[in-house]
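Novice: Structure below; questions to follow.
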Amino acid sequence: MSTGTRLYTGLGHREHDGWLLGLRPAQALACVLLALPVIFPLAGGHLAGALATAMVSVPAIALIVVPVRGRPAARWLFDWVLFQVGIAFGWSRWQSRAATGAAVDPALPDLPGTLARLRFPDGPPMRDLGRICLIHDTGEARWGATAKLTHRGVGMLSDAQCQRLANRLGNLLATLAHREVVDRMSLLVRTVPDTGAEYDAWRSVHERVDAPAAARRAERELDRTVGAVSVRHEVFVTFTGPEAALRRPAAAAGGGTDGRAVVLYRALDGLTESLRALGAQRVTWLSGAGLAEAIRTGFNPGSAGSLNARRSGVAWAAAGPGQTPTPSARVYRHDGFATVSYAVLMPESGTTFGSLSGLLAVRTAGERRALAIHYEALPPRRARSAVRAGRFRAGAVRDWKRSKGFSAAASESRAAAGARAQEQAVAAGHGLVRFAAATAITVPGEWSVEDHAARMENDIAGRFELLRLDLAQDAGFVAAVLPVGIGLPRLRGGLV
């Protein structure tokens, strides 16, 4: 990712570009195997047998080759079958133990779906900050921690100030590439649904009855103009690192959970200052009760007001939803709310700093929008290997077409030029960052969620492409709404 005058280019590279006509090796091999039963009868002159075999092989090849909204048709079919099997056997429905009336341990998390693989042990006290809740992802063998930020936002900043923040973010990601303990950062911004009731209650207490009439008129005018479009936000950042990098230094620090916490604390201490350099006025590393509250308000935005008034946190047994009904392929329903999640696809032409803010523009009081960006900084050695492979792949395809007399398409020439520029940037000391962006909109369950989802798509149309996470709305909700560091798939090789 390179930056110019607030312009980010080089975005959106696929991690697994195909070598043969855009196909991955496994797809190409499957197509060859399916074509052989057609080729052999043709070679032997058995036209009828070849046609009969082609009636099966050609649709199968189409399922493998033809992409449908980002996935091969065969993958869509496989996911749909799994989705229907889960519904038929009742695996997709979930109900908390507390909702069944069973005795529960308040300190034991009771969470659905992808969250069930997470563990939330408390680490030892960190200086004067108290205990910090660790996030242990047993599925991917990662450890992390979450902080809540108080940030003034970037909407009123000048271009020069935004450029400085962008540079500092790039520096922060570059430092992650050189750290052995932490290599991923997830930045999550959620709006806080507000019907105006809290503001009306506050104003009734603080309003002065002897205020001048002109001041009252000005205040009402501000309510109609500014108050109608004002919205509160909450910002979270999660840093995680792999167990493989933590194991050895954690053993030297005493081993176990406390040893891993000590090693993480050393990294988090330095990252706190980097977050303040990004404009964070306050960085609060969350304890178990604080993280449980962030998860609870993610599932039930309506509970935020009562939790703020109580100020006692949430027990882990009550952090999740009461139940999730039979899932829908396009909507995730939880605790009387409905959420639609999307993956955000970056434009090939690049984008500007702050352009994603349109995804957080609430249009109706009572709806909640969320945006999460997950980063992974690749180590320098791996980055150099990735860009060399990308440059070689792009050049090999272009040279092969040229040798066969085919002219290179404009997109291929651009990809080759981009691969060379990326290799030169990495050779000059710049980093390579994987990233994924997810967004979601949540409304009360009795509202028409499709209408609000359509408005969200219209708000960003022409700037970004939103890919609705059909058949995976529950996992998309976790990636876009909950500050637990889940949202970036494991890298299995290739260029980002």
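The values are calculated or read from the model by the stated rules, or taken from the named source; none is laboratory data. This structure is a prediction, so every number in the text was calculated from the model and none was measured. Because the Cβ atoms are built from the backbone with ideal geometry, glycine has one as well, and the counts that use them run over all protein chains shown. Only protein heavy atoms, including side chains, enter the accessible area calculation; ligands, DNA and RNA are left aside. Shrake-Rupley method; radii C 1.70, N 1.55, O 1.52, S 1.80 Å.
Novice: Note the angle between two axes, namely the Cα long axis of helix 380-403 and the longest principal axis of the Cα atoms of the chain, as a number of degrees from 0 to 90, rounded to the nearest 10.
Specialist: 40
Novice: Which whole-number percent is the relative contact order of segment 391-477 (Cα, under 8 Å, 6+ apart)?
Specialist: Reported as a whole number, the value is 19 percent.
Novice: Now for a different question. Order the following by accessible area, largest value first: PHE89, PHE299. Probe radius 1.4 Å; ligands, DNA and RNA are ignored.
Specialist: Result, largest first: PHE89, PHE299.
Novice: Using 1/(1 + (r/R0)^6) with R0 = 60 angstrom and r between the beta carbons of ARG266 and ARG217, what's the FRET efficiency to the nearest 0.05?
Specialist: Computed FRET efficiency for ARG266 and ARG217 comes out at 0.60.
Novice: Can you give me the distance in nm between label points at ARG248 and ASN171, each placed 7 Å from the Cα along the Cα-to-Cβ direction?
Specialist: 3.0
Novice: Moving on. Using unit Cβ charges (K, R positive; D, E negative) and no other charged atoms, how large, in debye to the nearest 20, is the dipole of segment 81-164 about its Cα centre?
Specialist: The dipole of segment 81-164 has a size of about 100 debye.
Novice: Take the Cα of THR284, step 7 Å along the line toward its Cβ, and report every residue of segment 129-157 whose backbone nitrogen sits under 20 Å from that point.
Specialist: Those under the cut-off are 129-135, 145-154.
Novice: Starting from the Cα-Cα distance between GLU457 and GLU140, subtract it from 0.36 nm times their residue separation and give me the gain in nm to one decimal.
Specialist: Difference between extended and current length: 110.9 nm.
Novice: Could you work out how far helix 25-43 tilts from the main Cα principal axis of the chain, as a 0 to 90 degree angle to the nearest 10?
Specialist: 30
Novice: Can you tell me the dipole magnitude for the chain around its Cα centre, using point charges on the Cβ only (Lys, Arg +1; Asp, Glu -1), in Debye to the nearest 20?
Specialist: Charge dipole, the chain, about its Cα centre: 1360 debye, nearest 20.
Novice: So for the chain, what percent of the C-alpha to C-alpha distances run longer than 37 Å?
Specialist: Of the Cα pairs, 37 percent sit more than 37 Å apart.
Novice: Hey, what did the chain get for relative contact order, percent, Cα under 8 Å, at least 6 apart?
Specialist: 23
Novice: Could I ask something else about it? Taking only protein heavy atoms into account and a 1.4 Å probe, give the accessible area per residue of the chain in Å².
Specialist: About 52 Å² of surface per residue is accessible.
Novice: Which value in nm describes the separation of the simple spin-label points at VAL32 and ARG203, placed 7 Å from the Cα toward the beta carbon?
Specialist: 7.2
Novice: Which semi-axes, in whole Å and largest first, does the equivalent ellipsoid of segment 63-117 have when worked out from the alpha carbon gyration tensor as the square roots of 5 times its eigenvalues?
Specialist: Listed largest to smallest, the semi-axes of segment 63-117 are 35, 13, 6 Å.
Novice: Where a ≥ b ≥ c are the square roots of the eigenvalues of the C-alpha gyration tensor, would you call segment 323-404 rounded, which needs a/c under 1.5, or, failing that, prolate if a/b is larger than b/c, or oblate?
Specialist: Here segment 323-404 falls in the prolate category.
Novice: While we're looking at this one, here's another question. Give me the percent of the accessible area of the chain that comes from carbon and sulfur atoms, probe 1.4 Å, all protein chains in place.
Specialist: Heavy-atom surface of the chain belonging to carbon and sulfur, 1.4 Å probe: 58 percent.
Novice: I need the calculated FRET efficiency for the pair VAL68 and PHE392, taking r as the beta carbon distance and R₀ as 25 Å, to the nearest 0.05.
Specialist: 0.25
Novice: Follow-up. Determine, at each q value in 0.14, 0.18, 0.19 (inverse angstroms), the log₁₀ of I(q)/I(0) that the Debye formula gives when each Cα of segment 353-496 is one equal point scatterer.
Specialist: Rounded to two decimals, the profile gives -0.86, -1.07, -1.12.
Novice: Could you work out the mean projected area of the convex hull around the alpha carbons of segment 225-357, in square nanometres to one decimal?
Specialist: Spelled out: convex hull of the Cα atoms, projected over all directions, averaged, 13.4 nm².
Novice: Then there's this: Segment 432-462 to segment 153-193: how many Å between their Cα centroids?
Specialist: Distance between centres, Cα-based: 22 Å.
Novice: With the alpha-carbon atoms as the only input, what is the per residue convex hull volume for segment 41-175 in Å³?
Specialist: It comes to 305 Å³ per residue, whole-number rounded.
Novice: Which listed residue (GLY418, LEU188, LEU469) has the Cα farthest towards the positive end of the charge dipole for the chain, taking +1 on Lys and Arg C-beta and -1 on Asp and Glu C-beta about the Cα centre?
Specialist: It is GLY418, whose Cα lies furthest towards the positive end.
Novice: Let me ask another. Along Cα→Cβ, 7 Å out, is where each label goes; now give me the distance between the ones at ALA52 and SER328 in nm to one decimal.
Specialist: 4.7
Novice: In whole Hz, what ³J(HN,Hα) sequence does segment 436-452 give by Karplus (6.51, -1.76, 1.60; θ = phi - 60°), x for Gly and Pro?
Specialist: 9, 10, 9, 9, 8, 10, 10, 9, x, x, 7, 7, 7, 5, 5, 5, 5
Novice: Which order, highest average first, do 247-255, 277-285 follow once you tally other Cβ atoms within 10 Å for each residue and take the mean per peptide?
Specialist: The densest-packed peptide leads the list: 277-285, 247-255.
Novice: Using alpha carbons only, how many degrees (0 to 90, rounded to 10) separate the axis of helix 213-229 from the longest principal axis of the chain?
Specialist: The angle comes out at about 20 degrees.
Novice: Let me ask something else about it. Could you give each residue of segment 411-422 its phi-based ³J(HN,Hα) in whole Hz, using Karplus coefficients 6.51, -1.76, 1.60 with θ = phi - 60°, and x for Gly or Pro?
Specialist: With the stated coefficients, segment 411-422 comes to 5, 5, 5, 5, 5, 5, 5, x, 5, 5, 5, 5 Hz.
Novice: Could you point to the residue in SER341, THR238, PRO249 farthest towards the positive end of the chain's charge dipole, with +1 and -1 charges on the Cβ of Lys/Arg and Asp/Glu respectively?
Specialist: Working it through, the farthest residue towards the positive pole turns out to be PRO249.
Novice: Using Cα-Cα distances under 8 Å and only pairs 6 or more residues apart, what relative contact order does segment 225-296 have, in percent?
Specialist: Once divided by the residue count of segment 225-296, the mean separation gives 14 percent.
Novice: Looking at the chain, identify the longest residue range that excludes and avoids all GluC sites (Glu not before Pro) in DSSP loops having at most 13 other Cβ atoms within 10 Å.
Specialist: 208-445
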